[in-house]
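Undergrad: The structure is given below, and queries will be raised subsequently.
The values are calculated or read from the model by the stated rules, or taken from the named source; none is laboratory data. Since the structure is predicted, the reported quantities are computational estimates derived from the model, not experimental observations. Cβ placement follows ideal geometry from the backbone for every residue including glycine, while neighbour counts extend to all protein chains displayed.
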Amino acid sequence: MDSQAIENVLKQVRDNNIEFIRLWFTDIFGTLKSVAITPEALDRAMDEGMAFDGSSVTGYQDIQEGDMFAVPDPSTFCVLPWLAENGKKSDTARMFCDIKNPDGTPYEGDPRYVLKRNCEQLSARGLTFNVGPELEFFYFKHSRSTDIIDYGGYFDLTPIDAGSNLRKDTITTLKAMGIPVEFSHHEVAPSQHEIDLRYSDALTVADRAITYRLVVKEIAAKNGVYATFMPKPIYGQPGSGMHTHQSLFSDGTNVFYDDEGEFYLSDIAKKYIAGLLRHSREICSVLAQWVNSYKRLVPGYEAPVYIAWSHRNRSALVRVPAIKPGKQSAARVELRCPDPACNPYLAFSVMLAAGLAGIDNGYELPPPMEKNLYELTESERRALGIQSLPASLGEALAETEKSELVRKALGDHVFERFVELKSMEWHEFCTRVTEWEVNKYLPIL
C-alpha cells in the first residue's frame with residue numbers, strides 16, 4: 001500500500017483522537033462484519049492486513065483453508081459520529097476492507113472485490129457505472145413484533161409521521177460521515193420510511209448503502225425503536241424496495257442521454273434497458289435474495305412483477321424517470337425489483353452485467369408499456385409477450401443456477417456458494433410447518 005495513503009490515515013487518527021478503528025467487510029449475503037483494532041495496530045494492518053478465520057464467514061472458505069486477511073482501504077476512513085458520548089466527539093472510526101489470500105492476491109469470494117472487478121473491467125472500456133438507490137425501511141417498537149410507531153402515509157407530515165425526527169437524526173449522521181443524501185420522506189405503509197442516497201460510482205455507493213443500513217438501525221436503537229430492512233414485514237401493506245437508478249458515464253459525460261432521442265434516451269441506454277429486461281429473471285435471486293423478498297414481489301402495492309419498461313409508469317419493472325431537455329446528468333433508468341436487504345456489491349454487479357449484455361449484443365428494446373400492468377388480464381399480458389418475475393426464491397434460484405451471465409459477473413466461487421446456500425434456505429422454508437398452516441388446517445383436517 002502507498003506509504004502516503006497510510007500516513008494520511010494515521011494523521012486523521014491523531015487529529016481526531018481516535019482510539020478504535022473498526023475494520024468492515026461483508027459476508028456473501030451483505031451482512032456486515034467488523035473487527036476493532038487500536039491505532040498502534042493500524043500501520044501493520046494497512047501494510048499486511050488483519051488475519052481472520054474465513055471459514056467462519058458465511059460463503060467464504062472451507063475450514064481447511066480458512067486463513068484470510070482484511071486489508072483496510074484508506075479512502076474509506078470515517079469517524080462514526082453516533083458513538084459520541086457525554087458531549088465528547090466519537091473516538092471510533094471505520095474503514096472498509098479488501099479481503100486478501102495469504103499470498104496477497106484478492107480473494108474471489110469477497111463481495112466488495114466482485115463489484116470492484118466488474119467496475120475495473122468497465123473502466124477499461126472508458127466507462128463508469130453510477131447508481132442511486134432508494135432504500136426503504138420500517139420502524140417498529142421492537143425487533144420481535146411489527147408494532148408500528150406511526151400511522152402516516154406517503155409524504156405525510158408531522159405529527160402523524162412520528163419517524164421524521166429519526167430520519168432527521170439519521171441524515172445528520174450520514175452527512176457528518178460525508179455521505180450525501182438527496183431527500184427523505186414517509187412512505188406509503190404505516191411506519192415505513194425512505195432516505196435516498198445521492199448517486200455516485202457503484203463501489204462508493206455500495207459502501208454507503210452498507211453504512212446507511214447500519215446508521216438507520218443505530219439511530220433507531222438510540223431512540224428506543226427498531227428499524228428493519230425486511231422486504232415484506234406486514235401482510236396487506238407495501239413492502240420495502242431499493243429502486244436503483246443507474247447510468248453510464250464516459251469522461252464526465254452521461255452516455256444514456258441523447259438530446260434527439262425519444263425520452264432523451266440514447267441507443268446505448270435503450271440497449272441497456274433491453275439487457276435488464278431480458279436477464280431480469282436470472283438476476284432476480286441476487287436482487288431479491290430472501291424467501292421473504294417474494295412476498296413483496298406480488299401484483300399491486302407498486303411492486304414490480306411484470307417484465308416491461310415504461311416512461312414514468314411505476315407498475316413496470318424498469319422506469320425511465322422524466323427529465324428536462326439539457327439535463328444530461330439526470331438521464332437514467334430505474335430498476336424497481338431490488339429490495340434493501342440484498343447485498344449491494346453483488347446486486348450492482350449483476351445489474352451492470354445485464355445492462356452491458358444488452359449493449360454488447362445489440363438487444364432490441366420492445367415498445368414501452370404505459371398501461372397499468374396490474375389491470376391487464378393474464379391473457380392480455382400473454383398476448384403482449386409480457387413475462388413475470390419469479391414468484392418464489394426457489395423459482396428464482398432455478399433461473400440463476402443456469403445463468404452464465406450471473407456466473408461470470410459473480411465469479412465461480414461466489415456464484416456456486418450463493419446458489420448452494422440459498423438453495424438450503426429455500427429447502428428449509430419449504431419443509432417448515434408455519435403458524436398459518438397450523439391455524440388454517442389443524443381445526444379441519
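Residue-wise test of (1) in a helix (DSSP H, G or I); (2) outside the structural domain of residue 167 (by TED's automatic domain parsing); (3) in contact (Cβ under 8 Å) with a residue 40 or more places away in the chain; (4) not β-branched (Val, Ile, Thr).
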position	(1), (2), (3), (4)
14	yes, yes, no, yes
40	yes, yes, no, yes
46	yes, yes, yes, yes
68	no, yes, no, yes
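Residues checked against (1) at pLDDT below 95; (2) charged (D, E, K, R); (3) surrounded by fewer than 16 Cβ atoms within 10 Å (Cβ to Cβ):
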{"residue": "160", "(1), (2), (3)": "yes, no, yes"}
{"residue": "167", "(1), (2), (3)": "yes, yes, no"}
{"residue": "172", "(1), (2), (3)": "no, no, yes"}
{"residue": "182", "(1), (2), (3)": "yes, yes, yes"}
{"residue": "185", "(1), (2), (3)": "yes, no, no"}
{"residue": "190", "(1), (2), (3)": "yes, no, no"}
{"residue": "200", "(1), (2), (3)": "no, no, no"}
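Undergrad: Taking the residues in the range 120-139 that are crowded, with 21+ Cβ neighbours inside 10 Å and hydrophobic (A, V, I, L, M, F, W, C) as candidates, determine which candidate is farthest from residue 50 (Cα to Cα).
TA: Restricting to residues being crowded, with 21+ Cβ neighbours inside 10 Å and hydrophobic (A, V, I, L, M, F, W, C), the top hit is 138.
Undergrad: Go through the range 30-65 and give me each residue that's surrounded by 15 or more Cβ atoms within 10 Å (Cβ to Cβ) and touching a Gly at 6+ places or on another chain (Cβ under 6 Å).
TA: Answer for the range 30-65, where residues must be surrounded by 15 or more Cβ atoms within 10 Å (Cβ to Cβ) and touching a Gly at 6+ places or on another chain (Cβ under 6 Å): 54, 60, 61.
Undergrad: Next question. Of everything in the range 88-103, what is modelled with pLDDT under 95 and either buried (at least 23 other Cβ atoms within 10 Å of the Cβ) or not assigned by TED's automatic domain parsing to the domain that holds residue 45 (or both)? Give them in sequence order.
TA: none
Undergrad: Answer yes or no: is there a residue in the range 218-225 that is without any contact (Cβ under 8 Å) to a residue 12 or more places away in the chain and in contact with a strand residue (DSSP E or B) (Cβ under 9 Å, 6 or more places away or on another chain).
TA: yes
Undergrad: Please specify each residue of the range 1-17 satisfying the condition of being within 19 Å of residue 177 (Cβ to Cβ) and surrounded by 13 or more Cβ atoms within 10 Å (Cβ to Cβ).
TA: Residues satisfying the conditions are 8, 9, 12, 13, 16.
Undergrad: Next up: Would you confirm whether any residue within the range 262-282 is modelled with pLDDT under 95, in contact with a Phe, Trp or Tyr (Cβ under 8 Å, 6 or more places away or on another chain), surrounded by 21 or more Cβ atoms within 10 Å (Cβ to Cβ) and not in a helix (DSSP H, G or I)?
TA: Yes, some residue in the range 262-282 is modelled with pLDDT under 95, in contact with a Phe, Trp or Tyr (Cβ under 8 Å, 6 or more places away or on another chain), surrounded by 21 or more Cβ atoms within 10 Å (Cβ to Cβ) and not in a helix (DSSP H, G or I).
Undergrad: Residues that are part of a loop (DSSP other than H, G, I, E, B), outside the structural domain of residue 247 (by TED's automatic domain parsing) and closer than 30 Å to residue 329 by Cα: does the range 117-124 have at least one? Don't jump to the end; show me each part of the working.
TA: Going through the range 117-124, the residues part of a loop (DSSP other than H, G, I, E, B) turn out to be 124.
Remaining after also requiring outside the structural domain of residue 247 (by TED's automatic domain parsing): none.
Looking through the range 117-124, none of the residues is part of a loop (DSSP other than H, G, I, E, B), outside the structural domain of residue 247 (by TED's automatic domain parsing) and closer than 30 Å to residue 329 by Cα.
Undergrad: Restricting the search to the range 295-315, which residues are without any contact (Cβ under 8 Å) to a residue 60 or more places away in the chain and buried (at least 20 other Cβ atoms within 10 Å of the Cβ)?
TA: The answer is 315, and nothing else.
Undergrad: So, residue 351, is that one modelled with pLDDT under 95 and either in contact with a Ser or Thr (Cβ under 9 Å, 6 or more places away or on another chain) or within 30 Å of residue 128 (Cα to Cα) (or both) or not?
TA: Values: modelled with pLDDT under 95: no; either in contact with a Ser or Thr (Cβ under 9 Å, 6 or more places away or on another chain) or within 30 Å of residue 128 (Cα to Cα) (or both): yes.
Answer is no for this residue.
Undergrad: Does any residue in the range 116-135 that is on the phi > 0 side of the Ramachandran plot come within less than 7 Å, Cβ to Cβ, of a residue that is part of a strand (DSSP E or B) six or more places away or on a different chain, and which pairs are these?
TA: 126/250
Undergrad: Can I ask one more? Out of (1) modelled with pLDDT of 95 or more; (2) assigned to a loop (DSSP other than H, G, I, E, B); (3) touching a strand residue (DSSP E or B) at 6+ places or on another chain (Cβ under 9 Å), the odd one out for residue 232 is which?
TA: Against the list (1) modelled with pLDDT of 95 or more; (2) assigned to a loop (DSSP other than H, G, I, E, B); (3) touching a strand residue (DSSP E or B) at 6+ places or on another chain (Cβ under 9 Å), residue 232 comes up short only on (3).
Undergrad: If we only count helices (runs of 4 or more DSSP H) wholly inside the range 374-445, which ones have 2 or more residues that are at pLDDT 95 or above?
TA: 393-401, 404-410, 412-431, 435-441
Undergrad: Moving on to the next point. Which one of these does residue 118 not meet: (1) touching a Pro at 6+ places or on another chain (Cβ under 6 Å); (2) polar (S, T, N, Q); (3) closer than 30 Å to residue 252 by Cβ?
TA: All conditions pass for residue 118, except number (1).
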